[in-house]
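All remarks here apply to the structure that follows.
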Amino acid sequence: MESFTPVLEAFTEKTGIEVEYRIYRAEDLATILPAQFESGMAPADVIFMWAWWIANNTDHILDVSDVINPDDFMPGTVDQVTVDGKIYGAPYTGKVKPGFWYRISFFEEHNLEVPTTWAEFETLLETISEIPGIEAPIASGDGVGWPLSDVTEHFILTFGGTELFQGLIDGSVSWTSDEVKAIFRDKLVPLLKAGYFSEPKDWTLILEDWWEGTHALYFMGSWITGMVDNASDLGVFSLPGAEAFVFGPDFMFIPKYTEYPAEAKELVKFLSGAEGQTIQVKQGGHIATNLGVKLDDYPEVDKRVAQLLEGATAVTDLDDTVGGEFQTTFWDQLKYLWVHPDEWEDVLANIEAKAP
Amino acid sequence: MSQKNTTPLFFLAPAVILITIFVIYPIIKTLWLSFLSPNGEFVGLHSYFKVLRSKEIINLDRFPYKSPPWGALIHNAMWIAIHLPLTLFLGLFFAIVLKEVRGASIIKSIVFLGMVMPMVIGGLLAEFLFDKDVGIVNVVLRFIGLHPLANISWTYHPETALLATILSGVWMWTGFSMIVYSAALAAIPREYYEAAEIDGATSFRKFIHITLPLLKPATLVVVVMTVLYELKIFDIVYAATGGGPGGASMVLAILMYIKAFVAFNFNEAAVLATLLTLLTLPPAIWIAKTAVGRK
């Protein structure tokens with residue numbers, strides 16, 4: 001909220017249009033909006049929502065093709081909200097999920113090195129687990145389940161590649177296929193069985209544990225830089241061999257039922273534009289989707305994350321893209337896997353049952 | 001029709017109209033939806049068979065020999081099997097123990113807090129109550145030496161998640177049965193006990209032969225209301241576990257919500273809504289009949 005306010009203030013200053021900002025969880029909006037739309041109403045003039053949801057509800061959404069130019073954004077970003085050639089959503093800034101975050105001071109204190117191979121990664125985990133005070137080397141955040149899906153997606157992307165990842169999104173690859181099974185059987189599950197991942201715990205609470213040294217590594221998105229006391233002490237590394245990352249842009253749309261379509265389009269144009277996104281990335285924790293934002297505008301720690309994306313392939317979040325019942329099942333089954341890694345094949349079968 | 005005959009209809013009309021719009025129409029619409037496929041074709045009972053055969057409802061591959069998930073219907077049954085007797089016993093226990101205690105109203109207020117608190121808050125608190133580090137339940141378990149149970153966060157393990165939500169429900173609902181029993185106890189004439197004392201009855205015999213029989217109407221009310229609560233349980237479970245992990249604490253109402261508002265499969269959601277209605281109908285009819293009988 002605090003980091004978004006300056007962007008809205010800049011918009012009001014520029015256009016004279018007042019904006020009232022209200023916070024809703026996307027999960028709650030998904031429940032509220034269908035009923036509101038059916039009665040020809042909308043709770044706001046511009047709404048941030050999942051891309052898949054926007055693409056599935058275009059009957060109630062204004063076409064913003066006249067204010068959004070796909071060439072201004074990271075390749076493929078606008079495609080997620082484009083249906084039959086019309087653009088129904090606008091990308092804002094996004095968050096990248098680059099890998100495992102650690103405290104530089106912790107690594108220095110214990111003479112730990114960032115791994116460059118899978119074997120080094122396993123050795124690192126073993127070394128960390130022997131450090132007094134460490135409960136488990138990797139903190140496992142939980143909310144509704146997304147922190148576990150983020151780390152799982154990183155394993156799939158690293159060891160399965162983008163083609164397999166996209167195949168899981170569009171349903172052309174099965175969760176019970178040999179390729180997916182191999183990733184779980186040979187990479188993720190052995191780490192879970194060895195106790196290298198902690199028991200899931202609320203992702204904000206376990207962030208404090210990790211910062212205090214109960215855990216050494218925490219897989220989290222780039223927004224973590226805005227959640228710690230000293231962001232300059234943050235280091236991050238990906239699984240060795242990772243060549244692609246999940247990049248999750250926030251999307252907004254204008255409901256058809258808005259009383260102020262012109263003003264709403266002005267706001268969407270500003271927020272998705274380089275000017276609005278530059279103000280946002282300066283606040284920390286955000287990565288721009290608009291190509292007009294310069295690297296120098298980022299805080300130092302975010303600049304490192306933005307640089308990680310250079311040369312790598314950016315893909316959309318798997319469960320956010322599929323959405324629906326698959327998403328909740330995926331999250332829930334991963335929570336189960338985390339405490340019952342021996343039942344990984346059942347977990348994959350249950351996920352496949354709800355997959356596209 | 002004379003004016004005398006039409007006057008009652010005039011006064012009944014607003015209620016009838018509102019009930020028709022907000023109760024009867026949604027019921028008929030839900031029932032109709034349950035007989036349709038997602039693309040609007042009439043499929044009769046097909047959706048019912050599909051839902052009832054689903055492992056999300058009854059999972060006989062796991063029940064009763066493996067840990068949950070056992071299916072939402074069995075989980076609801078577990079709620080009734082565990083939550084109902086515990087709530088009844090604890091409510092009665094507190095009502096009797098606190099009957100003659102000075103300052104009992106303060107203790108009763110504390111017990112009743114669970115009822116006053118929104119169920120969602122109770123669900124969120126449940127996560128912390130059973131947390132391995134800060135949970136009071138685990139602190140107590142550790143104190144009495146039950147370390148294997150105390151060293152896990154109950155809501156994150158399929159073996160314990162269902163039980164954690166049920167026990168949280170007991171904490172929140174005991175206040176209700178305690179208040180009902182307290183009122184019923186206060187209504188028992190003191191003379192009955194005095195007569196029994198003259199006959200030399202012990203406290204135990206007075207409880208068995210006077211208190212318990214006279215508490216029967218209160219017990220029936222508590223049982224019916226609690227069963228209804230257990231069948232439509234949603235908030236505590238949704239906030240504490242979301243029905244997980246792996247569906248290990250899933251209940252019918254949450255499954256209905258997921259089908260309707262996550263999967264947007266309104267037909268299967270309508271099937272679940274109809275099943276829930278059928279399950280809650282007998283106790284609801286009993287309440288209605290009892291109310292008419294009293295009148």
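Side notes on the structure shown:
- For A:Glu135, the accessible area of its heavy atoms, probed at 1.4 Å with every protein chain present, is near 110 square angstrom.
- Mean Cα-pair separation over length for chain A, i.e. relative contact order, pairs under 8 Å, 6 or more apart, %: 29
- On the basis of the beta-carbon distance and an R0 of 35 Å, B:Ala183 and B:Thr277 show a calculated FRET efficiency of 0.70.
- Peptide A:329-336 is shielded by partner chain Cβ atoms: per residue, an average of 6 of them sit within 10 Å of its Cβ.
- In terms of accessible area, using a 1.4 Å probe and ignoring ligands and nucleic acids, B:Phe22, A:Phe11, A:Phe159 rank largest first as B:Phe22, A:Phe159, A:Phe11.
- Label-point separation in nm, A:Glu109 to B:Ser37, each point 7 Å along Cα→Cβ: 6.3
- Taking packing as the residue-averaged number of other Cβ atoms within 10 angstrom, the listed peptides A:193-199, A:317-323, B:284-290 run from highest to lowest as A:317-323, A:193-199, B:284-290.
- Chain B: DSSP helices with Cα axial extent of at least 15 Å and average Kyte-Doolittle hydropathy no lower than -1.0: B:3-19, B:84-97, B:104-116, B:158-186, B:216-231, B:266-294
- Shielding by partners, peptide A:338-345 (average Cβ within 10 angstrom, other chains): 3
- For the residue pairs B:Lys29/B:Lys55; A:Lys97/A:Lys294; A:Lys193/A:Lys335; A:Lys201/A:Lys303; A:Lys335/B:Lys232, alpha carbon separations beyond 22 Å are given by B:Lys29/B:Lys55; A:Lys201/A:Lys303; A:Lys335/B:Lys232.
- Angle between chain A longest axis and helix A:5-15 axis [Cα atoms, degrees, rounded to 10]: 20
- Computed over protein heavy atoms with a 1.4 angstrom probe, the accessible surface ordering of A:Arg103, A:Arg185, B:Arg62, largest first, is A:Arg185, A:Arg103, B:Arg62.
- Alpha-carbon centroids, the stretch A:119-183 and the stretch A:270-326: separation in whole Å: 22
- For peptide B:259-269, the mean count of partner chain Cβ atoms within 10 Å of a residue's Cβ comes to 3.
- Net charge, B:Arg62 excluded, C-beta distance under 13 Å - Lys, Arg +1, Asp, Glu -1: -3
- Most positive-pole-ward Cα, B:Thr277, A:Phe73, B:Leu141, against dipole of the protein assembly as shown from beta carbon charges: B:Thr277
- Whole-percent pair-distance distribution, where bins are 10 Å wide, for the alpha carbons of the stretch A:1-158: 8, 24, 28, 19, 15, 6, 0
- A straight line joining the Cα centroids of the stretch B:17-85 and the stretch B:90-169 runs 29 Å.
- Tensor-based shape of chain B (alpha-carbon gyration tensor, a/c under 1.5 rounded, otherwise prolate or oblate): oblate
- Acute angle (nearest 10 degrees) that the helix A:26-38 long axis makes with the longest principal axis of chain A, alpha-carbon atoms: 30
- Degrees between helix A:203-212 axis and first principal axis of chain A (Cα, 0 to 90, nearest 10): 50
The values are calculated or read from the model by the stated rules, or taken from the named source; none is laboratory data. Because the structure is a prediction, the values reported are computed rather than measured. Positions of Cβ are backbone-derived with ideal geometry, glycine not excepted, and every protein chain shown enters the neighbour counts. Remember, those area values only see protein heavy atoms, side chains included, never the ligands or the DNA or RNA. Shrake-Rupley method; radii C 1.70, N 1.55, O 1.52, S 1.80 Å.
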